[in-house]
Amino acid sequence: MAQSGILLSFSTAGGHVSGQLAPHEKDLIFRWECTIVARDMSERKNPYPFDVFEPKWQAIWDAEKTFKVSNPGEPGFDAEKPKCYILDMFPYPSGAGLHVGHPEGYTATDIVSRYKRMKGYNVLHPMGWDSFGLPAEQYAIKTGQHPSITTYANIDNFRRQLKMLGFSYDWDREIATTDPHYVRWTQWIFLRLYNSYYNTELKKARPVSELEAKGWSREEIDNVRLAYVAEGLVNWSPDMGTVLANEEAEEWKSKGFTVERRKLRQWMLRITAYAERLIDELEPLDWPESIKLLQRNWIGKSTGAEVNFDCQGKTITVYTTRPDTLFGATYMVLSPEHELVPQITTPEQKAAVEAYQKACAAKSDLERTDLSKEKTGVFTGAYATNPVNGKQVPIWIADYVLTGYGTGAIMAVPAHDSRDFEFAEKFGLPIIQVVQPDDASLPWQNFCGYDGTMVNSEHFNGLSVTEAKKQMISWLEEKGYGHGKVNYKLRDWLFSRQRYWGEPFPIIWNTKDGHHYAIPESELPLLQPDMEDFKPSGDPRGPLVKATDWIHYSDEFTRETNTMPQWAGSCWYYLRYLDPKNDQAFISPEVEQYWMGSGHTPGGVDLYVGGTEHAVLHLLYSRFWHKVLYDYGLVSTNEPFNKLVNQGLILGEDGQKMSKSRGNVVNPDDIVRDYGADSLRLYEMFMGPLKEVKPWSTKGVEGINRFLARVWRVAMQENQEGEWVLSGKVTAEDDGSVTPVRKELHKTIKKVGEDIEAMSFNTAISKMMECTNAMTSAEKVCVADYVQLLHVLNPFAPHITEELYSRLREAFPALPACQLCFQPWPVYNPEYLVENTKEIVIQVNGKLRDKVTVAADASKDELEAAAMAAPKVQEFIAGKTVRKVIVVPGRLVNIVAN
RNA sequence: GCCAGCUUGGCGGAAUUGGUAGACGCGCUCGACUCAAAAUCGAGUUCUACGGAGUGUGGGUUCGAGUCCCACAGCUGGUACCA
C-alpha cells in the first residue's frame, strides 16, 4: 500500500525523481514513506476510541445482566417502583440480517427505557424472534436443510447485531416463536379458541361445554366455535402451495406470487364475532389516528336495514344502508352466485343468465374488481314487489353485487347511488328522484349525500335523510317487511396454511364419525415430524400428509395436517415476555397483573413501537386474541397495547426505498465499524421526527460522530504517545456561580427530559449539541456539570457516556461508583433558567424594526415606553399617527401607525 | 374515484402552538494550524436591483399567519364496486 502510494505521489509531483536516485533523493523517498504511513494511520484512527470501549461495555452489560428486571416474587423485585412496559415489534430473523430500519424504532424505545429506569420505574424491555416464516422454509426447500438450522443461525446473527448496538434488553426474557416451549402455549391458546363460542348476550367468549350442558348437538356446537372448519372460496397460491388470509393475499401478489380463488375446507377463526368490540374498544387507545382509521375501515361497520322483497312468493332479502330511498328503488340486483337465481329466472332468460354466470365464474379476482371496466349484467325475467309502494321492479344479476357481503342482493336506487346510476344509464332502467339536495346548486341525479330532503316518498316527504332513515326502519319493522341491521366488511380469519414450518394444529380427526377433536393439553407441544421432504406437493392438505407415521394418531384418529400462519406466534408474544420460562401456565396471573394490570392506569403495554405495515394484520389479530383471553380473565385489560407509535421508513441515500436491486441498502454492521454504535443510534434519532419518512445520509452520520468526538474532547486529550488522557479542562473547582455553561446545561436537562417524553429525539439531540458547544468553548467545565450532560446523553449514547464517566471517576473519586444508568435522572434548577433581562422585539405595523433589552419583569407601560424611545421606531413612525400599541410582555411590542 | 397525511434555504430538519422564520446538523466559502494534506479550531452561508421580498399557489381572518379559515395544485401512504 505504502509502496504504491509513493509511486503515485511521485508521478503526480513530477518526473524528475525517476531514473537514478541521488543520495538526498533516497532520503526524500524515506521521508515520503514515513508521512504516507503516518497518514494511513491517522486516516484509520477514530476521533475517539469507540472501537475499543463499545464492545467492552457491551460485554459488561451482558456479564452483569445490567438490564435484567425481576418479576413479582423474584429476588431483587422492588414493588415500590411503578412499572413501564416498553415493547418493540420483534423481528423476523431473515438471512439478510438487521437493516437500518430496525435500529430506528429499537433505539427510540431504548432511549425511553433507559430514561424511565433513571426516573425510577421497573422497566420491562424485552426482545425475541418471530421465527416461523416462509423465507426459511423456501430456503430449506431449495437446500434440503431443515428450516430450523437457518432459523437459529439467523437468530444468532440478529442477536449479535442487536447486542452490538447496546440495547438495554433483558436478554433473560428472550423468546422465539419456533421454540417448543413457546409453541406449546400457542397451541394451548388455539385450543381455548377451539373450545369457545361467542355469547352474544354477554358479549364475550364462553366455553362450548356450556352449550353441551344445554344439550346442543355436536353439529350445532361446531357451528359456533371461535376456531372452526368451513369450506369456502379462499386465496390459494399454487406457487407456495398454501392458502392465504384476505389480509395477506395482496402482499404476496405484489411480491410476484400468483394467488387464485379456490373452494377448500379450511380452519377459520371467528374474528367477526368481535367486530363490534374491535371497533368500540379501539377508540380510547393512544394510537395514531391514521392507524385507528385503517382498522375502522378494515372492519367496515355500516348501519342500515335488511328489507324483504317478494318475488312469486319467494322472499329476497336485500341489505341497504339507505332504507330512506326505498321509494326510489326501481330494480333489484342479485349477485351471479345468489342461490335464488336459478329458481326465479324465466325460461326465456335462462340461457343468457347461465352464460353470464359462467363468464363470471371464469373471471379472475383481478378482472372482477377492475374498477375501470364497465358494468355488466343480465335481466332474469323476474319481477319483485317493492314493499313500500307495491310496484313491480325487474330483477337483474350483475357482478358488481358481491356474494360475500350483506345478503348478496341489493335494491337499486339509481338516482342516489353512483353504481346503480351507472348501471341504470347503461341498461336504460328508470331513475326516480327521492332526495332533494339541500344545496340547490347540486343536481339531484346521482346525488349520494346525506344532506337532503325526501321527495316522491309519500308520507316520508319533507323529512331529512337521516330522519327518514330512522322512520323507515321503524316502519319496516312494524309492517314486518324488514329490520335494522349492522353489517361489517370484516371476514373471519382464514387460519390454516399448507406449509411445514408452522405450528401444527393440536387437532385429530375421527375416521369413523368424521368429526374433529382436540388432543389433550398434556400432549402439547405438538411439533412437526422430522421430514426429509417438506416441499409443497400441490396437495391442499399440505406437506405433512407425507409423514404417514406422524399422521397416524391411533386406529381411530388421524392428525390434522395443516399448520398455523406466522401470525399465530406474533399474536401473543408480548404476553410471554412477562413470564417466558413458566412451564405451568402461559403466564402466571400475579406476573400478568403487575406488568399489564391497570394498577398503573391505563394498563397494558405502555409503549409499542413499530412500522405501519402491521396496521391491519398483526395489530388486529393480537387485539382479537387478547380479548378472548380477557373474556376468560386470563389477562387484565381488554386491549393489549395502550400506546402505539409508528416509526417512519428510512429511505436510501437516493431518496428511494432501500432495496437490494437498487443497491442503496445501508448495512448497520458497516456503520458501527466505521463510526460506532453510539453514532448510529444518535444519527437515526437525529435524522428527523421518528414518525416521518426520511432519507439516509452517511455524511449525517459523520456529523454525529464529530459531535460525540467533541463530547469526548471536553474531558479528554491525546498525549505524546497518542493515548487518550483526561485533559484537565474538567475541574472539581466550583464557586457555585451560575455560569453561562451551567445555564445552558440546565436548559438542556429540561428540554431533553421533555423531548424524550414527547419522543421528539431530534430536538433533544440538537439541544445537547448546543450544550456541548458551550462546554467546548468554555475555559473550564465543572465536573458536576459535565457529568450531568453525560447523564442526559446516556440513554442516547450509552457507551461513550459510561466510558467517560468511568474515566472521570479515576480523577474525581467523589463521583458515585455505579454506572450512569443506575443513577437518577438529573433535576434541573428552575432558578438557573430565569433570565433577568429579555430581548423584546419591536414591530411597526407587524414588521420587525428594532430590538431592545429590558428587565424580564418590565411592565407593559415600561415596555411601551422603551419601544417608543427606540431610535428606529421613531424613524418609522415619523409623520404617522400611532393608532394602537400591542404589548405582549416578555415578547414584543407592535406599534400600529399610519 | 374515495380516505388520510405531507409541502419551510443547496440538503435533513427547528420554530415556546397566533408573536424575532431558518435552531441543530450536512454541504459549501473563507481563515488559523501545517512544507503539505487529513483532523481540529474560528468566521460566514434564504434570496436581493440593498428599497425590500420570502414557509407549494390564490384569497380571507388578525395589530400580527409557517401556524387559523376557504379554494386550488403537487407529492406520499391506504383502499378498491362492501350497497
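Here are a few things to note about the model shown:
- When we screen A:Val112, A:Val123 for residues that are touching a Cys at 6+ places or on another chain (Cβ under 6 Å) and either at pLDDT 95 or above or not in a strand (DSSP E or B) (or both), the only hit is A:Val123.
- Test: residue in the range A:441-456 that is closer than 24 Å to A:Ala355 by Cα and open to solvent by less than 50 Å² (accessible area, probe 1.4 Å): no
- Residues that are within 9 Å of RNA strand B (Cβ to nearest atom) and among the aliphatic types (A, V, I, L, M), drawn from the range A:313-331: A:Val318
- Qualifying residue in the range A:241-253 (condition: more than 29 Å from A:Leu634 (Cα to Cα) and touching a helix residue (DSSP H, G or I) at 6+ places or on another chain (Cβ under 7 Å)): yes
- Some residue of the range A:205-215 being of a type outside the set (Gly, Ala, Ser), more than 16 Å from RNA strand B (Cβ to nearest atom) and assigned to a loop (DSSP other than H, G, I, E, B): yes
- Of A:Pro816, A:Pro795, A:Pro826, all but one fail to be without any contact (Cβ under 8 Å) to a residue 24 or more places away in the chain and closer than 24 Å to A:Lys116 by Cα; the exception is A:Pro816.
- Within the range A:679-697, considering residues that are touching an Asp or Glu at 6+ places or on another chain (Cβ under 7 Å) and not small (Gly, Ala, Ser), the one farthest from RNA strand B (Cβ to nearest atom): A:Glu684
- Meets criteria (hydrophobic (A, V, I, L, M, F, W, C), open to solvent by 60 Å² or more (accessible area, probe 1.4 Å) and touching a residue at least 12 places away in the same chain (Cβ under 8 Å)) for A:Trp298: yes
- Annotation note: of A:Leu334, A:Leu340, the sole residue that is open to solvent by less than 10 Å² (accessible area, probe 1.4 Å), out of contact with any Pro (no Cβ under 6 Å at 6 or more places or on another chain) and either more than 7 Å from RNA strand B (Cβ to nearest atom) or modelled with pLDDT under 90 (or both) is A:Leu334.
- Those residues of the range A:560-582 which are open to solvent by less than 30 Å² (accessible area, probe 1.4 Å) and of a type in the set (Lys, Arg), in sequence order: A:Arg576
- Complete set of residues in the range A:343-356 that are touching a Gly at 6+ places or on another chain (Cβ under 7 Å) and either within 15 Å of A:Gly408 (Cβ to Cβ) or surrounded by 15 or more Cβ atoms within 10 Å (Cβ to Cβ) (or both): A:Thr345, A:Gln349
- Residue satisfying all of: in the range A:218-262; hydroxyl-bearing (Ser, Thr, Tyr) and at pLDDT below 80; least open to solvent (accessible area, probe 1.4 Å) among these: A:Thr258
- Positions within the range A:706-751 being open to solvent by less than 40 Å² (accessible area, probe 1.4 Å), within 13 Å of RNA strand B (Cβ to nearest atom) and within 28 Å of A:Asp110 (Cβ to Cβ), in sequence order: A:Phe707, A:Leu708, A:Ala709, A:Val711, A:Trp712, A:Val714, A:Met716, A:Glu744, A:Thr748
- Those strands (runs of 3 or more DSSP E) of the range A:350-467 in which at least 3 residues are within 14 Å of RNA strand B (Cβ to nearest atom) and under 43 Å from the mean Cα position of the chain (by Cα), considering only elements entirely within it, cover A:409-412.
- Checked against the criterion of being modelled with pLDDT of 80 or more, open to solvent by 30 Å² or more (accessible area, probe 1.4 Å), in contact with a strand residue (DSSP E or B) (Cβ under 6 Å, 6 or more places away or on another chain) and among the charged types (D, E, K, R), the candidates A:Arg270, A:Arg265 yield just one match: A:Arg265.
- A:Asp78 being buried (at least 24 other Cβ atoms within 10 Å of the Cβ) and of a type in the set (D, E, K, R): no
- Filter result for A:Ile895 (within 47 Å of the chain's Cα centre (by Cα) and assigned to a strand (DSSP E or B)): no
- Inter-residue pairs, beta-carbon under 8 Å, first under 11 Å from A:Gln266 (Cβ atoms) and in the range A:226-247, second aromatic (Phe, Trp, Tyr) and within 16 Å of RNA strand B (Cβ to nearest atom), 6+ apart: A:Leu244/A:Trp252; A:Ala245/A:Trp493; A:Ala245/A:Trp567
- Residues that are among the basic types (Lys, Arg) and touching a strand residue (DSSP E or B) at 6+ places or on another chain (Cβ under 8 Å) within the range A:545-580 comprise A:Arg559, A:Arg576, listed in sequence order.
Here is a yes/no grid of residues against (1) charged (D, E, K, R); (2) more than 30 Å from A:Arg173 (Cβ to Cβ); (3) modelled with pLDDT of 95 or more; (4) under 32 Å from the mean Cα position of the chain (by Cα):
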| position | (1), (2), (3), (4) |
| --- | --- |
| A:Asp530 | yes, no, no, no |
| A:Gly538 | no, yes, no, no |
| A:Pro543 | no, yes, no, no |
| A:Asp549 | yes, yes, no, no |
| A:Thr558 | no, yes, yes, no |
| A:Leu575 | no, no, yes, yes |
| A:Lys581 | yes, no, yes, yes |
| A:Ser588 | no, no, yes, yes |
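- The range A:829-860, residues that are within 16 Å of A:Val896 (Cα to Cα) and acidic (Asp, Glu): A:Asp850
- No other residue among A:Glu835, A:Glu862, A:Glu839 is near RNA strand B (Cβ under 10 Å from one of its atoms) and either assigned to a helix (DSSP H, G or I) or open to solvent by 20 Å² or more (accessible area, probe 1.4 Å) (or both) apart from A:Glu839.
- Scanning the range A:450-462 for residues that are under 12 Å from A:Thr325 (Cβ atoms) and either without any contact (Cβ under 8 Å) to a residue 60 or more places away in the chain or basic (Lys, Arg) (or both) yields A:Tyr450, A:Gly452, A:Val455.
- Residues of the range A:583-611 that are in a helix (DSSP H, G or I) and crowded, with 16+ Cβ neighbours inside 10 Å: A:Val591, A:Glu592, A:Gln593, A:Tyr594, A:Trp595, A:Met596.
- When A:Glu639 is tested against (1) crowded, with 18+ Cβ neighbours inside 10 Å; (2) assigned to a helix (DSSP H, G or I), only condition (2) is not met.
The values are calculated or read from the model by the stated rules, or taken from the named source; none is laboratory data. Since the model is a prediction, treat every value here as computed from it, not as a measurement. Cβ atoms come from the backbone with ideal geometry, glycine included; neighbour counts cover every protein chain shown. Keep in mind that these areas ignore ligands, DNA and RNA; they rest on the heavy atoms of the full protein, side chains included. Shrake-Rupley method; radii C 1.70, N 1.55, O 1.52, S 1.80 Å.
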